[in-house]
Amino acid sequence: MVQCEMCGAETASPKTIKVEGAELDVCDNCSDFGTEVKTQQTSTTSTKYSTSSSSSGDSNTGTGSTGSSGGRSRRHDMFDDMEEIAQDYDDRIRNARESTGLSQEELAKELNEKASLISKLEHGDILPSDSVQKKLEKKLDISLTAGSSGADDEEWSGGSSTGSYTLGDVVKRKD
């Protein structure tokens, strides 16, 4: 006997229904609450709770991948086109400001921003918005973007000989 996933009643022959996107095994009384799903019982139980994308023959690779080369290519998303802020942006701002002889207040006034913003940027407490980044780069004649954006992609071409990655391939220690 199987327990109904809606009401908890014992049922000998549960029906699989779909309720708001979720598939449930329910008794005859609860089957009216959704639409019945016609599937083979063996395939439902083997893939229903699976988290592996390779269990059903790469059915998800066509929705967002850029190529169909066995699922090894990475999806393209909006962050690939964005330039990354350099990790030492705070030092770059502070050094450039000091080399021009400006105080935080003077720089803020020239950029039409608050001095507290400049202070937080130089301490690394916040990241600059796109508009503030452009103002700083123009005024101080610096670049706040990471110059080696392609080097991160090259790191991913390494890894083990099987083509799969472990956490050790990705993590950078901060000792």
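All of the numbers you see were taken from the coordinates with simple rules; none came from a lab. All of these numbers come straight from a predicted model, not from anything done at the bench. With ideal geometry, Cβ positions are generated from the backbone for all residues, glycine too; neighbour counts draw on all protein chains shown.
Provide the net charge surrounding Ser103, with neighbours chosen by a C-beta distance below 12 Å and charges set as Lys +1, Arg +1, Asp -1, Glu -1. Kindly include the intermediate steps, with their values, before the conclusion.
Numbers: positive: Arg94, Arg97, Lys109; negative: Glu98, Glu105, Glu106, Glu110, Glu122.
Net charge around Ser103: -2.
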note = Once amide hydrogens are built 1.01 Å from N within the peptide plane, the residues lying 5 or more places from Ile85 or on another chain with amide H under 5 Å from its amide H are Ala146
request  = Quick one: which residues, 5+ away or cross-chain, put their amide H under 5 Å from the amide H of Val19? H built at 1.01 Å from N.
outcome  = Leu24
